[in-house]
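Colleague: Would you mind keeping the following structure in view while I ask a few things?
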Amino acid sequence: MKLTEIIDNEYKDIKEEKVLQQKKEYKTDLLHTYINLFLHRSSKSTWWSPETYTRASECVTTHLIETISSEDISQFSLELSKYEKHHLFNETGYFLSAIINQHNKKNSGAKYTLLLKDLQKKVNGICCQNEADVTIIGDCDEYFCYGMQKGTVLLNGSCGDSSCLYIENGNIHIKGNVYGSFAHTINGGHIHIEGSCKKNSFENKDDTISFVSSIGSHMHNGIIEIDGDCEYSIGTAMSGGKIIVKGNVKEEAKKGIVEGVGRNMHGGEIQVHGNAGENIGAEMCSGKIYLHGTYKNISEKFIAGKIYHKDVLIQSRWKKNIKKIKYFFGIKKEENR
């Protein structure tokens, strides 16, 4: 049975259970009151996730948290479609995140399920600053798991641009694909992606379309596992942690592009089990890259570190004085040491 069929069946079973429990009095009316307060206070949309999350948290009162249950939150997520015509609908994810986090502080060990599969529009900020155990059925948009602190998140779907940024700890399992810039500047945690990492398109001021995809940029610690394929930018400027790509890394055809596996890498480890593409280790200063499959070329702008191909060391250089390394194209190569 295909993954999508399994998810659809699980979602159908949960919805049927909700119908059977309609006689139970959910306290979603109270939640509707507070989300309307949040939307009223949010006069305009903002891209800055912490600001939006803070605004949502200010709308969540002790009375609300003491009155509702985790089942009420799950039922409320089914009713979220009522707000799809609101111009700030995409920010309702931050409200759900604030409720879950504050409810979890009073109800340690509670489990939360968000049912978003029926939504026509995706929402931002699901599991922002997360500290709980959450299961999501459906797709999420931008800033999924932004600033996650702890807990476990299972996403039965895909997530959009700028997801899993600034993670401190916790476990994230994504059964779908991820799009755009993903898992930048993380300090810990374990992320497992069953799908692939794909480009995210956006419109420029001159009406041209740009495509962006990068995984683990400026990563300090933690583990990222990707079962599928990735685009060309993996582990740019990472200083620690581990990235494992079980599929292929696609090549970037544009002239002048120096992105690739381990560009400007300062530490940590990258493993690629499929085709690793081109420009491996451009401006790499330290760390290790393991190529278990094929690759096109090691970058001429490689500075220092170690690169292995099928467990054989093929590129290595050590710098006595790392402060003297200059990051610009055309840097003179030194003798291997």
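Colleague: List the residues, sorted by chain then number, that are 5 or more residues from Ile243 or on another chain and whose placed amide H is less than 5 Å from its amide H.
Modeller: Correct list: Ile224, Glu269, Ile270, Gln271.
Colleague: Quick one: which of Lys111/Lys198; Lys250/Lys301; Lys85/Lys105; Lys105/Lys246 span more than 28 angstrom between C-alpha atoms?
Modeller: Numbers: Lys111/Lys198 30 Å; Lys250/Lys301 20 Å; Lys85/Lys105 32 Å; Lys105/Lys246 37 Å.
Listed pairs above 28 Å: Lys111/Lys198; Lys85/Lys105; Lys105/Lys246.
Colleague: In what sequence do Ile226, Ile303 fall when counting other Cβ within 10 Å, fewest first?
Modeller: Ile303, Ile226
Colleague: Under 5 Å between amide H atoms, partner at least 5 residues away or on a different chain: which partners does Thr113 have, H built in plane at 1.01 Å?
Modeller: The list, which skips near neighbours in sequence, is Ser74, Thr135.
Colleague: How much length would be gained if the chain were fully extended between His32 and Ser239, taking 0.36 nm per residue of separation minus their Cα-Cα distance, in nm to one decimal?
Modeller: The span from His32 to Ser239 would gain 70.1 nm if fully extended.
Colleague: Going 7 Å from the Cα of Ser108 toward and past its Cβ, which residues in the range 179-193 have a backbone nitrogen under 14 Å from where you end up?
Modeller: none
Colleague: Starting from the Cα-Cα distance between Asp118 and Asp311, subtract it from 0.36 nm times their residue separation and give me the gain in nm to one decimal.
Modeller: 64.8 nm
Colleague: Find how many whole Å separate the alpha carbon centroid of the range 44-117 from the alpha carbon centroid of the range 179-199.
Modeller: That distance is 23 Å.
Colleague: For the range 283-290, what does the Karplus curve 6.51 cos²θ - 1.76 cosθ + 1.60, with θ = phi - 60°, yield as ³J(HN,Hα) per residue in whole Hz, taken in order and with x for Gly and Pro?
Modeller: Computed from phi, the couplings for the range 283-290 are 6, 5, 10, 6, x, 10, 10, 10 Hz.
Colleague: If you don't mind, there's one more thing I want to ask. Starting with the fewest neighbours, write out Arg263, Arg55 ranked by other beta-carbon atoms found within 10 Å of each beta-carbon. Spell out each step's value before the answer.
Modeller: On the way: Arg263 24, Arg55 17.
Going from sparsest to densest Cβ surroundings: Arg55, Arg263.
Colleague: Tell me, Val249, Val153 in order of fewest to most beta-carbon neighbours within 10 Å?
Modeller: The fewest-first ordering by Cβ neighbours comes to Val153, Val249.
Colleague: Would you mind classifying the range 52-158 by shape? Square roots of the alpha carbon gyration tensor eigenvalues, ordered a ≥ b ≥ c; an a/c under 1.5 is rounded, otherwise it is prolate if a/b is larger than b/c and oblate if not. Let's see the in-between values first.
Modeller: Values: a/c = 1.40, a/b = 1.25, b/c = 1.12.
In terms of gyration-tensor shape, rounded.
Colleague: Given a Förster distance of 35 Å, report the FRET efficiency between Lys199 and Glu84 from their Cβ-Cβ distance, rounded to the nearest 0.05.
Modeller: It comes to 0.85.
Colleague: Glu66 label point, 7 Å along Cα→Cβ, cut-off 15 Å on backbone N: hits in the range 81-111?
Modeller: Of the residues in the range 81-111, 103, 106-107 have backbone N under 15 Å from the label point off Glu66.
Bear in mind that the values in this text are calculations on the coordinates, not laboratory data. What you see is a predicted model, and the numbers here were worked out from it, not measured in a lab. No Cβ is skipped: glycine too gets one built from the backbone with ideal geometry, and neighbour counts run over all protein chains shown.
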